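Step one of this worksheet: look at the structure below.
The values are calculated or read from the model by the stated rules, or taken from the named source; none is laboratory data. Bear in mind that the values here come from a model prediction, so they are computed numbers and not experimental data. Methodologically, a virtual Cβ is constructed for each residue, glycine included, from the backbone with ideal geometry; neighbour enumeration extends over all protein chains shown. The protein model used for the area step is the full one, side chains on, heavy atoms only, and it has no ligands, DNA or RNA in it. Shrake-Rupley method; radii C 1.70, N 1.55, O 1.52, S 1.80 Å.
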Amino acid sequence: SNNKILEYVQKGAQAHGRAYSIMYDLSGIRLNEIEMVMDDWRGLVDRLDLLNDSNYLHEDGKPLVAIWGVGFSDGTRKYTLDEVSQLIDFLKNDPKYGGCSVLLGVPTYWRTLRNDAVSDPKLHDVIRSADALLPWTVGRFSGSKTALERGKTYVAEDQAWCDENGVHYLPLAFPGFSWANRYVKENAKFNHIPREDGLFLWSQAIAAKRAGADTVYLAMFDEMDEGTQIFKISNNPPVGKTKFLTYEPHAPDYYLRLSGAIGKMLRGEIPVTETLPLSF
């Protein structure tokens, strides 16, 4: 079960000095089911003592819980902003299971309340009640030059809004994108958003740094169905009807090492350059 996997994650983090945290993807929750999420959190806290685990990820000294899928306009999410507010209040203020910081996963255009975001200004009130913000930008644009330009407008303006409203902003960076091996029958484009040997990912991180961000969210560790994975993959995948890209000419751990370089850049340990670091 997922709970058993979480136990393994916790033990691994404690054994190797790593951090971990919980993210609730609300996408499958229907109207009036938000209490299920609260019950799940109560159970995890009771079973794994999460609130007292020093390896659990903290934000501003408090355990961080992420809530993903807030304010999207796709019409498939039946839970309401009021229900999300109820969940935030529970995680922050419940006398036994609260005391947490809350990160919200929101649409790309959350600030302007258009396109993939609901037009309800209440979304901004919900965001202000949280502690950190993650706008989902996977697949929304392509090209390293575009990433750098977006940093001057979209990312910088998001950062300014969050600074003004006391919310920690986490711009997202993704290495590339394709649904070709997820929706084969729909003829999704192969290598839809090219990785540019890592320059696309690096440019998004540079844009975030220049806009004033001190943290980025890398999407994703292992999400191969969207072609966004950064974990090790084989440069010699099995040959069949499905074709694959690889990291060649780079080693299987190339994007893990590049992610480490992004961390160093954000911390000011290596320069902010529009070209990839010489070594990492």
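Results, tabulated for the structure shown:
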read-out	value
Among (1) within 19 Å of Lys122 (Cβ to Cβ); (2) touching a residue at least 12 places away in the same chain (Cβ under 8 Å), the one test that Ile22 misses	(1)
Whichever residue in region 154-182 is aromatic (Phe, Trp, Tyr) and surrounded by fewer than 21 Cβ atoms within 10 Å (Cβ to Cβ) and, among such residues, is farthest from Asn115 (Cα to Cα)	Trp179
Those residues of region 68-101 which are in contact with a strand residue (DSSP E or B) (Cβ under 6 Å, 6 or more places away or on another chain), hydrophobic (A, V, I, L, M, F, W, C), under 15 Å from Leu26 (Cβ atoms) and without any contact (Cβ under 8 Å) to a residue 60 or more places away in the chain, in sequence order	Val70, Phe72, Ile88, Leu91
Region 82-111, residues that are among the hydrophobic types (A, V, I, L, M, F, W, C) and under 15 Å from Val37 (Cβ atoms)	Val84, Leu87, Ile88, Phe90, Leu91, Cys100, Val102, Leu103, Leu104
Residue satisfying all of: in region 95-114; part of a loop (DSSP other than H, G, I, E, B) and among the small types (Gly, Ala, Ser); surrounded by the most Cβ atoms within 10 Å (Cβ to Cβ) among these	Gly98
Test: residue in region 123-132 that is among the charged types (D, E, K, R) and farther than 27 Å from Gly61 by Cα	no
Residue, farthest from Gly143 (Cα to Cα), within region 235-258, restricted to residues that are in contact with a helix residue (DSSP H, G or I) (Cβ under 8 Å, 6 or more places away or on another chain) and open to solvent by less than 40 Å² (accessible area, probe 1.4 Å)	Tyr254
